[in-house]
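As structure tokens, the structure follows; a few thoughts come after it.
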Amino acid sequence: MKIYFLAILFLFVLENNMFSQVKGFSPIETDKLFQDELSSKLSQDKSLTSDKFVFGDPVEPEFYFVGPGDILTIQNLTASINSENTAITPENTILIPRIGEISVKGLTLMQARQKILDLYKSRNPNALVSINLKLPRTIVISVTGNVINQGTFTLPASFRVSTALRLINQAKPDNSSISTLNLQSMKNDHQDFVSKYSFGLMTNDNSHYSMRNYNIIRMDGTSLVADPEEAKITGKFDLDPYIREGDIINIPSEPMYYSTISISGEVIRPISLPYKHTDNVSKLFKFGYGITSDADPDNIFLYQSDGSKIKLTLNPDNSISNGDLILSPESHIFIGKMKNMAGVSNAGSVKVIGEVKNPGIYQINSGEYGLKSLILNAGGFNEKAYLPLAYIIRKDRKLQHNENPYWQIAEGFQYSDLKLEDTTRFYLDLKYQKSLVSCSFSEIFNQDSKSDIRLMDGDVVVVPVNPENVFVFGQVNNPGFIPWSPNHTLEWYIEQSGGYAINAEKSRARIIDGRTKVWKKSSSDLYVNAGDEIYIPKPPDYPPGTDIQTYALIASSITSVAVLINILY
């Protein structure tokens with residue numbers, strides 16, 4: 001019995017000694033400590049069940065500045081195995097449990113962490129403390145200048161400038177004006193086209209002055225210029241910093257003229273960038289994100305604005321040995337393509353999609369290889385192949401991109417003899433033009449035909465299946481799909497759809513080609529192909545009173561002629 005009593009007494013003394021090691025705690029506060037630990041545990045469990053928070057970019061403690069609303073997790077293993085959450089107050093202070101209040105104004109997360117740790121160490125040199133950012137605060141920033149969406153936005157402080165701008169530009173613009181929507185639509189269409197058909201061609205779409213010139217004005221009056229492109233390849237956080245309270249991010253407008261540097265050829269990202277005086281060969285090479293597997297290491301050259309040509313040497317790690325060469329404005333790096341075994345430098349590839357026996361990618365000699373040879377190598381057409389709808393897509397070697405699509409329209413009108421009234425039609429033709437090769441598969445693969453098409457590197461040959469129907473719509477009694485039957489004209493299909501409706505204007509009925517979407521006027525020798533569409537419009541709608549005005553004008557003209565004849569007689 002005496003042994004049990006001594007054991008209990010020893011445990012009681014040990015517990016008191018454990019808490020007495022922490023300065024400021026006494027045995028009397030033990031119950032309060034356990035209550036605080038329980039409360040902290042419940043609070044953490046509740047936070048784990050809350051909605052997920054968008055954190056943005058990973059937080060680097062030495063570059064992230066703490067501020068009002070940040071939630072820190074502090075775990076003092078000397079006193080407890082549980083952690084406690086504390087928020088930074090609007091006064092930029094932190095209330096440390098059982099210690100007091102400290103200021104973290106203007107401190108990075110690393111500096112604030114060290115300040116808190118030093119405070120614990122001053123109380124107990126043997127303290128084991130861990131401080132982490134549990135939840136970044138939400139801040140308000142403003143975006144102005146040459147962006148799709150201007151205004152004030154609320155984002156987590158863990159977003160870097162480039163990430164914030166990407167998110168803001170993807171949001172639906174508040175201004176639903178036609179010009180804004182058309183601008184964004186053309187940018188999206190052009191970007192989709194570039195991603196599909198650029199094939200290593202450097203395009204002007206990648207050259208924007210603002211790519212390396214984000215102007216940031218801080219709340220304290222300081223300012224800096226962010227360069228997200230260089231930050232991406234060098235890892236310098238000060239070139240793409242975290243956003244902070246009250247930031248005004250201004251994206252400058254595109255100057256009419258500015259110096260650039262560029263890299264093209266067999267690189268992962270052919271690109272043109274605004275020039276900066278600190279740019280060198282190594283940096284420009286990194287902007288290209290590395291070379292492709294077809295790159296020729298002995299065919300890498302730097303072209304300077306003074307006309308000089310310098311051969312660049314590739315190291316085993318794919319870096320440039322003379323990469324410290326300083327670039328001049330308009331410098332350009334070109335990486336050539338590896339020649340094949342036969343030494344042919346114009347080797348290329350084409351892709352066959354659709355109803356052939358062996359679809360896929362085939363190597364060709366660009367400009368020397370015919371469509372017939374390609375289809376023969378692909379095993380020929382399948383039974384379901386429908387040649388009237390087959391087509392070839394060719395990459396556009398003149399890709400242009402303007403910040404304002406209307407500039408492109410104006411440029412197209414500069415030397416034309418079109419009238420001002422043609423603007424809308426020209427705009428539609430320009431926007432929806434397709435990079436099709438002008439050819440007819442039906443004529444090329446006719447048994448008696450000697451015609452052929454020479455393929456180019458990057459061509460995509462598409463052979464669709466026979467849709468076996470024709471769509472008739474507009475002013476007919478039963479619009480819809482009509483089963484296709486060969487060697488029939490427009491009139492036959494209109495009869496199959498129940499005939500003309502009462503409002504139909506028969507003279508304006510048209511066949512819409514299923515491949516080119518060109519409208520064709522009906523004739524006795526023009527047969528409708530599967531996949532074509534037939535449209536029958538009604539007479540044009542005129543404003544009320546137009547007919548009366550027309551009749552009055554005709555009557556007036558007749559009267560005038562009659563009077564003139566009478567006078568002459």
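Tabulated data for the structure shown
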{"read-out": "Tally, over region 500-514, of residues that are under 42 Å from the mean Cα position of the chain (by Cα) and either of a type in the set (Phe, Trp, Tyr) or buried (at least 19 other Cβ atoms within 10 Å of the Cβ) (or both)", "value": "3"}
{"read-out": "Conditions (1) in contact with a Leu (Cβ under 9 Å, 6 or more places away or on another chain); (2) not in a strand (DSSP E or B); number of the one not met by Ser122", "value": "(1)"}
{"read-out": "Any pair with Cβ under 8 angstrom, 6 or more apart, that starts in region 504-525 at a residue that is in contact (Cβ under 8 Å) with a residue 24 or more places away in the chain and ends at one that is assigned to a loop (DSSP other than H, G, I, E, B) and of a type in the set (A, V, I, L, M, F, W, C)", "value": "Gly514/Ala530; Arg515/Ala390; Ser522/Ala509"}
{"read-out": "Filtered residue count, region 100-119, keeping only those that are in a loop (DSSP other than H, G, I, E, B) and either touching a helix residue (DSSP H, G or I) at 6+ places or on another chain (Cβ under 6 Å) or open to solvent by less than 20 Å² (accessible area, probe 1.4 Å) (or both)", "value": "1"}
{"read-out": "Selection count where residues are touching a strand residue (DSSP E or B) at 6+ places or on another chain (Cβ under 9 Å), closer than 23 Å to Pro467 by Cα and in a loop (DSSP other than H, G, I, E, B), scope region 518-544", "value": "8"}
{"read-out": "Criterion (assigned to a loop (DSSP other than H, G, I, E, B), among the aromatic types (Phe, Trp, Tyr) and either open to solvent by 40 Å² or more (accessible area, probe 1.4 Å) or at pLDDT below 90 (or both)) met by exactly one of Phe63, Phe34", "value": "Phe63"}
{"read-out": "Residue list for region 446-467, filter: part of a loop (DSSP other than H, G, I, E, B) and in contact with a Gly (Cβ under 9 Å, 6 or more places away or on another chain)", "value": "Asp452, Ile453, Met456, Asp457, Gly458, Asp459, Pro464, Asn466, Pro467"}
{"read-out": "Residue check, Leu95 open to solvent by 50 Å² or more (accessible area, probe 1.4 Å), modelled with pLDDT of 80 or more and in a strand (DSSP E or B)", "value": "yes"}
{"read-out": "Sole residue being among the acidic types (Asp, Glu) and open to solvent by 60 Å² or more (accessible area, probe 1.4 Å), chosen from Asp220, Asp247", "value": "Asp220"}
{"read-out": "Filter pass, Ile453 being out of contact with any Cys (no Cβ under 7 Å at 6 or more places or on another chain), surrounded by 14 or more Cβ atoms within 10 Å (Cβ to Cβ) and among the β-branched types (Val, Ile, Thr)", "value": "no"}
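The values are calculated or read from the model by the stated rules, or taken from the named source; none is laboratory data. Model, not experiment: these values are computed from the prediction. Here the Cβ is made from the backbone with ideal geometry for all residues, glycine too, and neighbour counts use every protein chain on show. Calculation scope for accessible area: heavy atoms of the full protein, side chains included, ligands and nucleic acids excluded. Shrake-Rupley method; radii C 1.70, N 1.55, O 1.52, S 1.80 Å.
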